[in-house]
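In what follows, a structure is listed as structure tokens, so that the remarks can point back to it.
Every number in this text was worked out from the coordinates using simple rules, so none of it is lab data. All values derive from a computational prediction rather than experimental measurement. Using ideal geometry, Cβ is built from the backbone for each residue, glycine included, and neighbour counts are taken over all protein chains shown.
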Amino acid sequence: MIFDRITESILRILQHDGRLSNADLAQRVGLSPSACLRRVRLLEEQGVIRGYRAVIDERSAHKLTTVIVQITLERLTDETLRRFETRIRECPDVRECYLMTGEADYLLHVAARDLADYERIHKEELSRLPGVVRIQSNFAIRPVVQRWISQESL
């Protein structure tokens, strides 16, 4: 797939409105509907577009609080990382997990109903993860910017 201006436009538009019809998408990017559909299908086949989903405002739908959690491990061996990553994938309240550079080894996005729920998550899930020596929790007040990918990265 050649990443030209049209492909970048397709990705940017679908990022903001994945439910847009192919005809509307084609019109916006200046292609025929069949040419546009071919490009979108090729992007899907190559894994550039991995799927479509509804972006739920968790605060409105479930009254969830976002907690950003920094995790530091006792040591950074392949075995320690593997064990941690295997277990963190099993934690249903962890929405995202990133291996990091810097002070913390991992950065988590955790969703909790309230402080008591986060205390449960901390006690029953996070503190029991293998190799963890430090957990630092930060509660988000409100989102300011939320994007799946930036326009500059396209």
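Side notes on the structure shown:
- Once the C-beta distance of Glu124 and Tyr52 is scaled by a Förster radius of 30 Å, the resulting FRET efficiency is 0.35 to the nearest 0.05.
- In order along region 134-145, phi translates into HN-Hα couplings of 8, 10, 10, 10, 10, 8, 6, 7, 6, x, 10, 9 Hz, rounded to whole numbers, per the Karplus curve 6.51 cos²θ - 1.76 cosθ + 1.60 with θ = phi - 60° and x for Gly and Pro.
- Extension gain from Asp117 to Ile135, taking 0.36 nm per residue of separation minus the Cα-Cα distance: 4.9 nm
- Using θ = phi - 60° and Karplus 6.51 cos²θ - 1.76 cosθ + 1.60, couplings along region 69-82 (whole Hz; Gly, Pro as x): 10, 9, 10, 10, 9, 5, 7, 10, 8, 4, 5, 5, 4, 4
- With a cut-off of 10 Å between beta carbons, the residues surrounding Leu73 carry a summed charge of +1, where Lys and Arg count +1 and Asp and Glu -1.
- Residues of the chain were split at every exposed loop site, defined as GluC sites (Glu not before Pro) in a DSSP loop with at most 14 other C-beta atoms within 10 angstrom, and the longest piece left, sites excluded, is 1-73.
- Contact order, relative form, for the chain: 26 percent (alpha carbon pairs under 8 Å, 6 or more residues apart, mean separation divided by residue count).
- Among the trypsin sites (Lys or Arg not before Pro) found in region 60-109, those both in a DSSP coil and sparsely packed, with 13 or fewer other Cβ atoms within 10 Å of their Cβ, are Lys63, Arg75, Arg89.
- Across region 31-39, computed HN-Hα scalar couplings (Karplus, 6.51 cos²θ - 1.76 cosθ + 1.60, θ = phi - 60°) run 10, 6, x, 5, 5, 5, 4, 4, 5 Hz from first to last residue, x flagging Gly and Pro.
- Radius of gyration and maximum dimension Dmax of region 40-121, Cα, Å: 16.1, 46
- Semi-axes of the equivalent ellipsoid for the chain, Cα gyration tensor, largest first, Å: 38, 19, 13
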